[in-house]
Amino acid sequence: MDDRLIVTASPHIRDNATTRGLMGNVLIALVPSIVASGLIFGMRAILLTAVTTLACVVFEYLYCKLMHKPNPVGDLSACVTGVILALNMPVSMPLWIAIVGALVAIVIIKQLFGGLGYNFANPALVGRIVLFLGFTSRMTAYVYPDMSVDALASATPLNAAVDLHSVSFVDMLLGIHGGMMGETCVIAILLGLMRSNVWITTLAMFAGKALRYVAVLYAVQGAISLL
């Protein structure tokens, strides 16, 4: 009877990791993108990130206070949501719109569905979607950094109207082009990916997808040759 099978709910492998520790690790991984956005787009990027993060923390604190729920601000999850949401906005985004996005992400998507771990979708992602639908012109007002004083309106390199032959590969790698604050600098994203200890999983995922596409391609070519 001692060898009987015991069925339990996942997770089956546990360690001493805490929510605060995991979220702190994510914040550290996001630091390169925050620094890069500040260097590329100026201090306005740092201000937008700070305001959005502070708004997320305040909304979570106030909601839990009003609903007489345990306050989870110390787990840093609201900070992660604020930073990710900010990095998904152009640097020209008005601060009050960023605060609206923080309200949607924290109160509606996260807390109304039960809090951390119970929300049906990523709060920052849904906040971005809501801002895209409600403030489309603002969310698509990308800026091009001239690395000196001003920032000029510009399309992203993936825009169909952009001549790809005129786009420098180095500029695309360093993030010196229009786009959301956190998506322009590839080097900063890769540095954060390496810090988050998930780069092996990411490489394995891309390798698996590549092998799948190759297998499908060969299968299609074999089927065509039999016709």
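Every number in this text was worked out from the coordinates using simple rules, so none of it is lab data. Because the structure is a prediction, the values reported are computed rather than measured. Cβ sites come from the backbone with ideal geometry, for glycine too, and all protein chains shown count toward neighbours.
Let me confirm something: among Ile40, Ile6, Ile46, Ile84, which residue is aliphatic (A, V, I, L, M) and under 19 Å from Leu131 (Cα atoms)?
Every option except Ile84 fails the conditions.
Which of (1) free of Cβ contacts under 8 Å to residues at least 12 places away in the same chain; (2) farther than 22 Å from Met194 by Cβ is the odd one out, the single condition Val73 does not satisfy?
For Val73, the exception is condition (1).
When you go through Ala55, Ala78, Ala9, Ala29 one by one, which is the residue that is assigned to a loop (DSSP other than H, G, I, E, B) and farther than 16 Å from Met180 by Cα?
Ala9
Specify the residue that is farthest from Met139 (Cα to Cα); the eligible residues are those in the range 81-119 that are of a type outside the set (A, V, I, L, M, F, W, C) and assigned to a helix (DSSP H, G or I).
Step by step, filter the range 81-119, then rank; the result is Gln111.
Any idea how many residues of the range 88-121 are free of Cβ contacts under 8 Å to residues at least 24 places away in the same chain and over 27 Å from Leu39 (Cβ atoms)?
Count: 10.
In the range 68-92, which residue that is in contact with a Lys or Arg (Cβ under 6 Å, 6 or more places away or on another chain) and closer than 20 Å to Leu47 by Cα is surrounded by the fewest Cβ atoms within 10 Å (Cβ to Cβ)?
Residue satisfying both the conditions and the ranking: Leu76.
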